[in-house]
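In what follows, a structure is listed as structure tokens, so that the remarks can point back to it.
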Amino acid sequence: MREKKERPASTLPRKLTMFYGIGEFGQQLSVLTLNMYLLYFYTNVMGISGKAAGTLMLIARVWDAINDPMMGMIIDNTDSRHGKCRPWLLRCAIPGGIFLFLTFFAPNLSNTGKLVWAYVTYIGQGMLYTATGISYTSLISRITDDPIERVGLNQSRAFISMFAAIIISSSTLKIVEAIAASTGSERVGFAVTVGVYGLVQALCYLGVFRLTKGFDRQESRPVRAAGKSAAGEMFRSLGYILRNPLWRWLAASTMLYYTSSSITQGIVVYYVKFYIEKPDLVGLATLCSMVSSFFAIVLLKVFAKKLGKAKSCAMGVGIAICCLVVRLVTRDSIFPLYLVCLLVSGFGLGLFSSLLVPSLMDSIDYGEWLHGKRNDALVMSANSFGNKLGGGVGVALLGFMLDAVGYNAEALTQTEAVRSGLFNTAIFVPFTVFAIVFCIMLVFSRYEKKMPAIRAELSERRKAGQGQA
């Protein structure tokens, strides 16, 4: 059977670059709904204790440590007429939507039955999210080798992600409450709302499957040596990843960023309410921290072309560090200046986070150059795992920090020691993380300078391999 020729990187259809991000809307329907409302649903609707729900989420994060890289290896070893990544969008889109619905469906069961239901649906939903999410993200590196086109595809994702965050965070609870008011049941409100979300999520993934037809590059599967199992081959791939220095630096950045992001996002409500003492303006502060990332996304290609990804990322976290210094000096005593810092910092962090995935894709090319084995999905599982584990660790650390400073959930005002603890957490945690990430980006810039020559060599290797086939 004749092998299809690779499409030139410069001939991507405009509709692919523009609408690739629809899959991100499906992802955010899952991620944001779970992060923002699942704990409330478990405790207030299903009647599961906070301790039991927290234990469930911790166990799920531990399983992610196994499941995410395992799914990455499975995708990398997939051999299908649809490519490597696209088959998993087709197979898991509908089951993923169903499990998202079931996670927010509260059947009338015993306390033990409710807990079993929660474990099965939450972990099952997480596994299906891993399969679709890693496949969707990894597709970018398989669609094109051109670093700027990769930035363009991720730009589409970033736009949709931002709008999805605004829509889901502002409307979900209102929809649930409206349905609950008409039916007299909050259970029905969540079931109907998330049921629709699950359907839309499935359609988004299937839309990406259709949109990317013919673009999921399928390399010839190498012949496995006698006596070597598929499992052994998969774990050798994991070894290649761990021995890839560029991947190690970028994976560390991913984990640190998502951990810090989870803490800084989670503390806003406590910080504005009890440190700044303007509880009515929590929503405004949250909006300011998000909305300016729009401008960073618009200018993403400009920065990537002019400065490169590494320097743009370093500049982004550098901007955030400068804003933290201003806040440290003023101690956020001038509220308008605090909002300006959130806006400016949001621009910098939007620039960094939007270039993080294309940067990780450089480590895919670098790993192929080092070891002769391409592991798109396994590398990108670092982003999925870093997002989920970093978010879980961040939430847990924030809880420990609140306890450590003596936060009292029943008090209308907090002590000076608590207020000081909130300020120190809001400033010094992200400052430390951003300083480390800034240094990592300087290291990354040394690798990025080598990437054009490495990609040219890889292209020659592939041509030589096709000539011998």
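Among the residues of region 229-238, is any open to solvent by less than 20 Å² (accessible area, probe 1.4 Å) and either more than 23 Å from the chain's Cα centre (by Cα) or modelled with pLDDT under 80 (or both)? Yes; the residues of region 229-238 include at least one that is open to solvent by less than 20 Å² (accessible area, probe 1.4 Å) and either more than 23 Å from the chain's Cα centre (by Cα) or modelled with pLDDT under 80 (or both).
The requirement of being part of a helix (DSSP H, G or I), modelled with pLDDT under 80 and charged (D, E, K, R) is not satisfied by residue 455. Here is a check on your reading of the model: is residue 75 in contact with a Gly (Cβ under 6 Å, 6 or more places away or on another chain), assigned to a helix (DSSP H, G or I) and open to solvent by less than 10 Å² (accessible area, probe 1.4 Å)? Considered against the rule, which asks whether it is in contact with a Gly (Cβ under 6 Å, 6 or more places away or on another chain), assigned to a helix (DSSP H, G or I) and open to solvent by less than 10 Å² (accessible area, probe 1.4 Å), residue 75 comes out as no. If you check residue 416 against the conditions, is it open to solvent by 70 Å² or more (accessible area, probe 1.4 Å), at pLDDT 80 or above and of a type in the set (Asp, Glu)? Taking the combined requirement at face value, the residue satisfies it. Looking across region 370-400, the residues that are surrounded by fewer than 19 Cβ atoms within 10 Å (Cβ to Cβ) and either modelled with pLDDT of 80 or more or within 18 Å of residue 249 (Cα to Cα) (or both) come down to 370, 371, 372, 373. So, residue 432, is that one crowded, with 16+ Cβ neighbours inside 10 Å and polar (S, T, N, Q) or not? So residue 432 does not fit the description; no. The residues of region 38-53 that are open to solvent by 20 Å² or more (accessible area, probe 1.4 Å) and touching a residue at least 12 places away in the same chain (Cβ under 8 Å), listed by number, are 39, 44, 47, 52.
Of all residues in region 132-167, those being under 20 Å from residue 375 (Cα atoms), open to solvent by 20 Å² or more (accessible area, probe 1.4 Å) and in a helix (DSSP H, G or I) number 2.
Scanning region 435-445 for residues that are in contact (Cβ under 8 Å) with a residue 24 or more places away in the chain and either open to solvent by 80 Å² or more (accessible area, probe 1.4 Å) or closer than 16 Å to residue 255 by Cβ (or both) gives 435, 436, 437, 438, 440, 441, 442, 443, 444.
Within region 147-175, the set of residues being more than 22 Å from the chain's Cα centre (by Cα) and touching a residue at least 40 places away in the same chain (Cβ under 8 Å) comprises just one member, 173. Against the conditions (1) more than 20 Å from residue 381 (Cα to Cα); (2) open to solvent by less than 20 Å² (accessible area, probe 1.4 Å); (3) out of contact with any Lys or Arg (no Cβ under 8 Å at 6 or more places or on another chain), residue 106 satisfies every one except (3).
Only one of the listed residues (196, 188, 200, 208) is crowded, with 18+ Cβ neighbours inside 10 Å and either touching a Cys at 6+ places or on another chain (Cβ under 7 Å) or at negative phi (or both). That residue is 208.
Do the conditions hold for residue 216, that is, is it acidic (Asp, Glu), open to solvent by less than 50 Å² (accessible area, probe 1.4 Å) and either in a loop (DSSP other than H, G, I, E, B) or modelled with pLDDT of 80 or more (or both)? The answer is yes for residue 216. Considering only residues in region 11-30 that are part of a helix (DSSP H, G or I) and without any contact (Cβ under 8 Å) to a residue 24 or more places away in the chain, the one that is farthest from the chain's Cα centre (by Cα) turns out to be 11. Does region 174-185 hold any residues that are surrounded by fewer than 16 Cβ atoms within 10 Å (Cβ to Cβ) and either among the aliphatic types (A, V, I, L, M) or touching a Ser or Thr at 6+ places or on another chain (Cβ under 8 Å) (or both), and which are they? Across region 174-185, the qualifying residues are 178, 181.
Taking every residue in region 320-334 that is within 20 Å of residue 347 (Cα to Cα) and pairing it with any residue that is open to solvent by 60 Å² or more (accessible area, probe 1.4 Å), at least 6 positions away or on another chain, the pairs with Cβ-Cβ distances below 6 Å are 323/344; 324/431.
The values are calculated or read from the model by the stated rules, or taken from the named source; none is laboratory data. Nothing here was measured: the structure is a model prediction, and the numbers come from that model. Cβ: placed from backbone, ideal geometry, glycine included. Neighbour counts: every protein chain shown. Just the protein is used for accessible areas: all its heavy atoms, side chains included, with ligands, DNA and RNA removed. Shrake-Rupley method; radii C 1.70, N 1.55, O 1.52, S 1.80 Å.
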